[in-house]
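Working notes, structure below.
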């Protein structure tokens, strides 16, 4: 058989396999979204929402406050942004997509928070387990959950490794549960936050970013790192009595900076 024919057939086979993998990944992504929507609908029943909150919140009393705070802070925009920089250093085609998704996610979350101005558990329950400062307003939806699910969604759509997708999705669920554990949010807040973050990256994934140069990639990520570092200096910690949280934020920022440096600046 002609070598050119063999090469063409091989290319066709590779394209077909890539298409099947992408279709399978997108199908899995939409199934997760469906499950999140079902969870949100279930939480719309007030008795279910309150019962699940009490179950998770009371069970969390058996865990270290420092551990719970460290997990829940993974949804903090500074930490999530640092982790995204690390991921985007290896997935540069997703830089503009993630930035667009972050804008969508941030806008939707803040608009809904201000519109509903829902009371948090600390304002409605006499007894609950609280880690960190008590929060009372702008409960719906959970911003931490939205950002961590944006990160998990980015990995789910961009990674070819199934283990990575499962681990990041599991981490996002854990962070969402931790928002209930520390007494910051109702389960329905977490469910809607997850839907917003997960949907935002899906909506932005159609953006064509093939024209972004390597220099532009480096500049965008460097500007994002500078912004996150500035926010880390300006913002007050949600857990002032637990210095480990702020120390971990510094570690994540440093790791993002080192990754950016070795990927775009350093030449061995």
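Read-outs: derived from the displayed coordinates by stated rules, not from any lab. Keep in mind that what you see is a predicted model, and the values were worked out from it rather than measured.
Observations
- Cα gyration tensor shape of the stretch 66-149, rounded if a/c is under 1.5, else prolate or oblate by comparing a/b with b/c: oblate
- Relative contact order of the stretch 28-264, defined on C-alpha pairs under 8 angstrom at six or more residues apart (%): 33 percent
- Dividing the summed helix terms, -39500 (n - 2.57) for each DSSP H run of n ≥ 4, by the number of residues in the chain produces a 222 nm estimate of -25500 deg cm²/dmol to the nearest 500.
- Between the Cα long axis of helix 95-116 and the first principal axis of the chain there is an angle of about 20°, rounded to the nearest 10.
- Listed candidates (i) 1, 6, 11, 16, 18, 15, 12, 8, 5, 3, 2, 1, 1, 1, 0, 0; (ii) 1, 6, 14, 19, 21, 18, 12, 6, 3, 1, 0; (iii) 1, 5, 10, 12, 14, 14, 14, 12, 9, 5, 2, 1, 0 - label of the one calculated as P(r) over Cα pairs in 5 Å bins from 0, in percent: (i)
- Within a Gaussian network of the chain (alpha carbon springs, distance under 10 Å), most fluctuating of 198, 186, 31: 31
- Taking every alpha-carbon pair under 8 Å whose residues sit at least 6 apart, the stretch 66-142 reaches a relative contact order of 28 percent.
- Tensor-based shape of the stretch 12-156 (alpha-carbon gyration tensor, a/c under 1.5 rounded, otherwise prolate or oblate): prolate
- 0 to 90° range, to nearest 10: angle between helix 243-264 axis and the chain longest Cα axis: 10 degrees
- For the stretch 146-268: rounded, prolate or oblate by the Cα gyration tensor [a/c cutoff 1.5]: oblate
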